[in-house]
Each structure stands twice: as structure tokens, then as C-alpha cells.
1. Could the peptides 166-178, 199-211 be put in order, highest first, of the mean number of other beta-carbon atoms found within 10 Å of their residues?
2. Pull up the cross-link candidates among the aspartates and glutamates for residue 42, meaning alpha carbon to alpha carbon under 19 Å and not fewer than 8 places away within one chain.
3. Which shape class, rounded, prolate or oblate, goes with segment 1-115 when its Cα gyration tensor gives a ≥ b ≥ c as root eigenvalues, a/c under 1.5 marks rounded, and past that a/b bigger than b/c marks prolate?
4. Given Cα pairs under 8 Å that are at least 6 residues apart, what percent is the relative contact order of the chain?
5. Between segment 155-231 and segment 61-97, how far is it from one alpha carbon centroid to the other, in angstrom?
6. Eigenvalues of the Cα gyration tensor times 5, then square-rooted: what semi-axes does that give for segment 143-225, in whole angstrom, largest first?
7. Output the pairs from 27/214; 27/137; 130/214; 160/214 with a Cα-Cα distance over 31 Å in this structure; if there are none, say none.
8. Please give the contour-minus-distance gain from residue 131 to residue 235: 0.36 nm per residue of separation, less the Cα-Cα distance, rounded to one decimal in nm.
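Nothing in this text is a laboratory measurement; each read-out follows from the coordinates by a stated rule. Computed from a predicted model, the values in this text were never measured in an experiment. Quick reminder, even Gly has a Cβ in these numbers, built from the backbone with ideal geometry, and neighbours come from all protein chains shown.
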Amino acid sequence: MAQAPIYVLTSDKYLEALRPFAYLMEKYWNPQPVVIVGGFSKPQFSLPPNFLFHSLGGFASFPLNKWSNALIKFLMVQPYEVFGLMLEDYWLTRTVDVEAFNIASAYMDQFHYVARFDLTGDRKNSGFAKQYGTAGKVRLVISDPDSQYHCSLMCALWRKEHLLRILVEDETPWEIELNGTPRLRELRDEVIVLGTEDPPLHHTLAFRGGDSGKLLLDELKPEDVDEMRSLGLLKHWGL
């Protein structure tokens, strides 16, 4: 079974972050997945051959408070039902457990009532998760619908039909998490959110707080920072 694709949402303001993102993906995710980037202006730099860029139109039409509009538009033209969703500053910090990723993807293909499958420690560490059996080697946890950030945008697999059910227009990413959580909670009798005891994927948030002018690299390996600096991947930020 082929790996589920990875969708990455970006904007002109954060476009340069795709360079370190792609570098760390190539280093830590093997075999490489198909990565479909939803953005606006086409990057003026090369991306790896497994990356595809899809323009959503003019950047000015999608200010931050219309971020959800861009996501909805992007999802409506993509054919995949199950996919990983990331942002351009979700930079990998260690090797991805691709076997566990594929098990999670296959699980979602089989059980359509799984709306979201957390790939990080977000649900496990929420304090409101319970054991939910196993799928192959993957030890599952189930998220309490009443927990905070039940609709977190930390890296996860999503089922398209359920994500579209909880998205509304004119929301920022943070509003999707905060306002989307009660909307997802209302579907508790129809869908579930899962995670794992052993997260298959670890990433940092390079722009914590949404500041595109300042990188926070403390969670990256020093050798990765040094390599990216030597390759000129951080020069946009004066590094």
C-alpha cells in the first residue's frame, strides 16, 4: 500500500520555510511520501521531485483571518480521502517511523469513523486520552471529545470528509483549533480522534507565536542547524 500523501499549507509570508522543511523531510522520512504544497506564489527555488506545488490564487485574497478559506479550497481539489496535514514550519527533528505511519493510514482507510489520527504526542500528552487497543505494532490511544485541542492542527492524518464538516470560512489556524474543537465534539457519536503511545513523528514549530521573522531552533539537533546554515537554507533569517 502506498503512503498517504502529505499536505502542506503555506503562504507567501512563510514560503522560505519550505526549504528547511524539505531538507529535513528528505533526511528523516524514507521512503519519501508525496508532498502536495498548497500556497499562492510559486517558490523561486527548487523543491524535491516528490513535492508538488498547487497555487490557490492571489495571496492578497487570503489574509490570515481567511486561512480556513484557503484550506477548504485546497481540500476541495485534492483527490485523497486520507492524508497527513502539516504546516511549513513543522520541521522534523528525528527519523519518522514510516511503518507506524502506514499502519495508521491503513487503519483510517478501514475505519471511516476515524476523523483524525494524531502522529505526534499531542493526544497522548493531553491528559484526556485512554488506551484503545493496538493496530499492528502501534499502541492506540483515544482522545476524549471534551479535551482541549481535540481539533489540534499538530501533524496528523485526517479524513477529508470529516475535516470539511468542521471547517468554516473566515478563521485563522488558531481559531480552527479553538472553535473547531467544540464542532468536532458535537460529532462524538459519529467520529473519533486517535493517537499513539509512541508517536511516529516528531517536529518542532519553527515560528512559535506566528513570527515569521524569528526562528526558534532549540528543538532541532545542532548538527542539523549547522548543516542547514552551511547550505544557505537559513540565510533568509540572517543565519
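1. Most protected by this proxy first, the peptides run 199-211, 166-178.
2. Straight-line reach from residue 42, under 19 Å: 12, 16, 88, 89.
3. Taking the square roots of the gyration eigenvalues as a ≥ b ≥ c, segment 1-115 is oblate.
4. Relative CO of the chain lands at 23 percent.
5. 9 Å
6. Values: eigenvalues 153, 58, 21 Å².
After scaling each eigenvalue by five and taking roots: 28, 17, 10 Å.
7. Values: 27/214 23 Å; 27/137 24 Å; 130/214 37 Å; 160/214 33 Å.
130/214; 160/214, as the Cα separations exceed 31 Å there.
8. In short, 33.0 nm is gained.
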